[in-house]
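The values are calculated or read from the model by the stated rules, or taken from the named source; none is laboratory data. Just so it is clear, the model here is predicted, and its values are computed rather than measured. Every residue, glycine among them, receives a Cβ derived from its backbone with ideal geometry; neighbour counts consider all protein chains shown.
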Ligand code: NAD
């Protein structure tokens, strides 16, 4: 394997299980020589995250609920007990009430709009704010987005609005932190069957549609996302910031149903 991440230390946020996009990214980065720390949302997930972290030789596994400022501060205080500097951070976190990931966007409630924006958008800014202070040799931050930010996708609703704001926050933070050698990017992944995705209505249909209509005629895997994350987080990506990189088998360039696409 390559050693593109040798000597680099990073925090992975958003690992829930071995289907998580965070897992694909963590595995690739670890293979490339990165030293990793993990955060998990709550006690229910600790049981799953501990053994996965151990598989990659990581002993730093800390709780963090990103809806709570004190919990984010505690995470970074905990991290500082182990490391005095940080090279990268991966934010693979999103949340919305699944009752609003079907039906009409226009019916979104104020409470779920605010919660979706808080957990899926502001949390990335909140963690980059803390990470910046530890990135004394420059660094890289990465978050996860989806094409529903750019175009209307079935059932994505308030998450599409949140991802649009997340992508804008990537651009603003890229400008804020670029002078200090800190890069901020996002990967726009095609649909992948994960815990979070199972909350989206008709997700199987969306997967089939992407498989039949993307230029590569397949869906992407968490390893595809991991490999692209390696580019953005390693020195290979040294010239790239503020970018939303599509890892979607090319789906975002397509203008209509493929002529050879079977009926679903
Ligand atoms: P996942 O369910 O494996 O991961 C989502 C993670 O968010 C979980 O680990 C969960 O614990 C965490 N999370 C939610 N609320 C939190 C909170 N308050 N505090 C801390 N952590 C919290 O699903 P995934 O698909 O791997 O999702 C990762 C990211 O990728 C999300 O931002 C998602 O929107 C994005 N994404 C997913 C797809 C897809 O099709 N799966 C496509 C594009 C983008």
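What the table below lists for this structure:
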item: Test: residue in region 82-98 that is free of Cβ contacts under 8 Å to residues at least 12 places away in the same chain and more than 30 Å from residue 253 (Cβ to Cβ); result: no
item: Lone qualifier among 230, 236 - being under 20 Å from the mean Cα position of the chain (by Cα), exposed (fewer than 14 other Cβ atoms within 10 Å of the Cβ), away from the ligand (no atom under 15 Å from the Cβ) and outside any loop (DSSP other than H, G, I, E, B); result: 236
item: Test: residue in region 209-224 that is under 30 Å from residue 175 (Cα atoms) and either away from the ligand (no atom under 13 Å from the Cβ) or touching a helix residue (DSSP H, G or I) at 6+ places or on another chain (Cβ under 6 Å) (or both); result: yes
item: Residue count, region 234-252 (criterion: touching a residue at least 60 places away in the same chain (Cβ under 8 Å) and in contact with a helix residue (DSSP H, G or I) (Cβ under 7 Å, 6 or more places away or on another chain)); result: 10
item: Helices (runs of 4 or more DSSP H) contained entirely in region 106-218, each with at least 2 residues that are under 16 Å from the mean Cα position of the chain (by Cα) and surrounded by fewer than 23 Cβ atoms within 10 Å (Cβ to Cβ); result: 123-134, 157-178
item: Condition check for residue 117: touching a strand residue (DSSP E or B) at 6+ places or on another chain (Cβ under 7 Å) and either more than 10 Å from the ligand (Cβ to nearest atom) or more than 20 Å from residue 179 (Cα to Cα) (or both); result: no
item: Residue match in region 146-156 (condition: within 12 Å of the ligand (Cβ to nearest atom) and without any contact (Cβ under 8 Å) to a residue 24 or more places away in the chain); result: yes
item: Hits in region 241-254 - residues which are within 17 Å of the chain's Cα centre (by Cα) and assigned to a loop (DSSP other than H, G, I, E, B); result: 241, 242, 243, 248
item: Answer residue from region 28-41, given it is touching a helix residue (DSSP H, G or I) at 6+ places or on another chain (Cβ under 6 Å) and not in a strand (DSSP E or B) and is farthest from the ligand (Cβ to nearest atom) among those; result: 32
item: Matching residues in region 1-28 - criterion: being surrounded by 16 or more Cβ atoms within 10 Å (Cβ to Cβ) and farther than 24 Å from residue 119 by Cβ; result: 4, 5, 8, 9, 27, 28
item: Residues satisfying the stated conditions in region 66-96, i.e. loosely packed, with under 15 Cβ neighbours inside 10 Å, more than 10 Å from the ligand (Cβ to nearest atom) and outside any helix (DSSP H, G or I); result: 84, 85
item: Matching residues in region 239-264 - criterion: being within 22 Å of residue 175 (Cα to Cα) and surrounded by 12 or more Cβ atoms within 10 Å (Cβ to Cβ); result: 240, 241, 242, 243, 244, 245, 246
item: Which listed residue is in contact with a strand residue (DSSP E or B) (Cβ under 7 Å, 6 or more places away or on another chain), within 27 Å of residue 126 (Cα to Cα) and in contact (Cβ under 8 Å) with a residue 12 or more places away in the chain, from 225, 220; result: 225
item: In region 42-60, the residues that are more than 18 Å from the chain's Cα centre (by Cα), closer than 17 Å to residue 20 by Cβ and not in a loop (DSSP other than H, G, I, E, B); result: 44, 46, 47, 48, 50, 51, 54, 55
item: Single match in 95, 88, 38 (criterion: modelled with pLDDT of 95 or more and closer than 29 Å to residue 202 by Cβ); result: 95
